[in-house]
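*Asks:* Input: one structure, supplied below.
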Ligand SMILES: Cc1cc2nc3c(=O)[nH]c(=O)nc-3n(C[C@H](O)[C@H](O)[C@H](O)COP(=O)(O)O)c2cc1C
């Protein structure tokens, strides 16, 4: 019998919730985004469900219309370090922007998290889609969309180079001879590029998984190329058809860049709403949707368009022509909103409400959700999922009701296979480039 493809699961721990009004739900904890106990509980639930990783998203600019979770939340590296000390197996993935960080700092932070967690760190590389970020980092101008991906490529090249500063067996700690490390196993990077000039070496060694795992979520042309060239796990959103197309597209691009497509995992984000019957699950969606006012829906819609203020247009008029704003912000997502509004001839009000209260396919009984997960996996629309929750009960409920079905079907683990994130995701450990160079030089 052919071996069944195995599923990978991540949990997006999103404090008070992703939507504009989730915080008003009776089960919600309004200050969850800065509540250490909430994060510990969610991480414990995900680890008890043998999830591959928890994910903490981030951005670096807010205004009065930002969603509750954006307004007051933990910085990812800090909260992930805290979670590392109360968990043992689950991966710890955090967002850090390349547009407003220095590779040396990022390399140190993730290498530190990787050591603290004994090989469980992952970096979600983002380019930042809110132009307001520039003003928080002493910059006059936010880089343009495609340039941000050029910065990302160079940033990542430098960061990975720094992670290889020390060869794995460099530290000998020989108390007798007094040799702390082998001097020829420490390497400078001496990078001089368009955006960064970094000498190195980094002041921390590699961890057990070699390098933290690289995550990404590009959906535009530039974003897809970046993801297919550099990422080891890629987040996306969409329905079965769009995600299946995305899966094929990214795997093909990865192959054309000389990569093994099996080492590029596609993980769509889904928000399961579970009920003992379809009606009960539908009612959960209706309850959440009823909390979203049109004012909040317009704020939500504004986000992928660089926090654009949609309240200036007639609500029942056609969707306004704002493609240029999306093209410089979340290009992929804004394009799909414009396409949907055009295809279905939606008014601004209809588009905003549709966007702010999305009803994905994963609303139903535990069996229906497990069936859909299995179908997406088998039909090559995904290698796994990043699970989002509207309230604090969402993740524990998924772990309790859906995970056992996935385990029974033999598509999800009952025990962790490895102690590292790379190991559990089935990704190989990258060889240190300096060790590889040495090996090549000695064999010539
Ligand atoms: C599941 C998921 C999580 C994401 N997390 C973040 C995040 O934490 N911070 C961020 O700035 N963008 C995040 N994004 C957005 C992407 O980084 C990117 O801006 C978006 O997919 C648009 O890509 P494009 O610029 O190639 O069109 C996320 C996207 C997805 C699908």
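The values are calculated or read from the model by the stated rules, or taken from the named source; none is laboratory data. Predicted, not measured: the structure shown is a model, and the values here were computed from it. Here Cβ is always computed from backbone atoms with ideal geometry, including for glycine, and neighbour counts include all displayed protein chains.
*Asks:* Taking the range 180-190, which residues are in contact (Cβ under 8 Å) with a residue 60 or more places away in the chain and surrounded by fewer than 20 Cβ atoms within 10 Å (Cβ to Cβ)? Talk me through it step by step, then tell me what you get.
*Replies:* Start the filter on the range 180-190 by keeping residues that are in contact (Cβ under 8 Å) with a residue 60 or more places away in the chain, which leaves 185, 187.
Within the range 180-190, just 185 meets the criteria.
*Asks:* While we're looking at this one, here's another question. Only one of 202, 162, 156 is in a loop (DSSP other than H, G, I, E, B) and buried (at least 18 other Cβ atoms within 10 Å of the Cβ); which?
*Replies:* From the options 202, 162, 156, the qualifying one is 202.
*Asks:* So which of 69, 89 is within 26 Å of residue 308 (Cα to Cα) and in contact (Cβ under 8 Å) with a residue 24 or more places away in the chain?
*Replies:* Working: 89 fails: within 26 Å of residue 308 (Cα to Cα).
69 is the lone residue from the list that is within 26 Å of residue 308 (Cα to Cα) and in contact (Cβ under 8 Å) with a residue 24 or more places away in the chain.
*Asks:* Wholly within the range 347-444, which helices (runs of 4 or more DSSP H) include no fewer than the required count, namely at least 3 residues that are crowded, with 22+ Cβ neighbours inside 10 Å?
*Replies:* Fully inside the range 347-444 and qualifying: 348-356, 366-378, 394-401, 421-425.
*Asks:* Are there helices (runs of 4 or more DSSP H) fully within the range 1-103 with at least 1 residues that are within 30 Å of residue 203 (Cα to Cα)? List them.
*Replies:* Once the helices (runs of 4 or more DSSP H) in the range 1-103 are filtered for at least 1 residues that are within 30 Å of residue 203 (Cα to Cα), what remains is 36-48, 76-84.
*Asks:* Separate question: Take the residues in the range 91-109 that are buried (at least 24 other Cβ atoms within 10 Å of the Cβ) and more than 15 Å from the chain's Cα centre (by Cα); name whichever of them is farthest from residue 62 (Cα to Cα).
*Replies:* So the residue we want is 107.
*Asks:* Can you pull out every residue in the range 243-252 that is more than 13 Å from the ligand (Cβ to nearest atom) and either touching a helix residue (DSSP H, G or I) at 6+ places or on another chain (Cβ under 7 Å) or farther than 24 Å from residue 430 by Cβ (or both)? Even if it seems obvious, please write down each step before you answer.
*Replies:* Initially, the range 243-252 is screened for residues more than 13 Å from the ligand (Cβ to nearest atom), giving 244-245, 247-248, 251-252.
If the condition is that a residue be more than 13 Å from the ligand (Cβ to nearest atom) and either touching a helix residue (DSSP H, G or I) at 6+ places or on another chain (Cβ under 7 Å) or farther than 24 Å from residue 430 by Cβ (or both), then 244, 245, 248, 251 are the ones that fit.
*Asks:* On to the next question. May I ask you to list the residues in the range 218-242 that are touching a helix residue (DSSP H, G or I) at 6+ places or on another chain (Cβ under 7 Å), more than 15 Å from residue 254 (Cα to Cα) and more than 6 Å from the ligand (Cβ to nearest atom)?
*Replies:* Once the filter is applied, which keeps residues that are touching a helix residue (DSSP H, G or I) at 6+ places or on another chain (Cβ under 7 Å), more than 15 Å from residue 254 (Cα to Cα) and more than 6 Å from the ligand (Cβ to nearest atom), the range 218-242 yields 238, 240.
*Asks:* Check whether at least one residue in the range 2-9 is closer than 30 Å to residue 287 by Cβ, modelled with pLDDT of 95 or more and more than 16 Å from the ligand (Cβ to nearest atom), and report yes or no. Let's see the steps before the verdict.
*Replies:* Taking the range 2-9 and keeping what is closer than 30 Å to residue 287 by Cβ, we get 7, 9.
Keeping just the survivors that are modelled with pLDDT of 95 or more gives 7, 9.
Now drop any that are not more than 16 Å from the ligand (Cβ to nearest atom), which leaves 7.
Yes, some residue in the range 2-9 is closer than 30 Å to residue 287 by Cβ, modelled with pLDDT of 95 or more and more than 16 Å from the ligand (Cβ to nearest atom).
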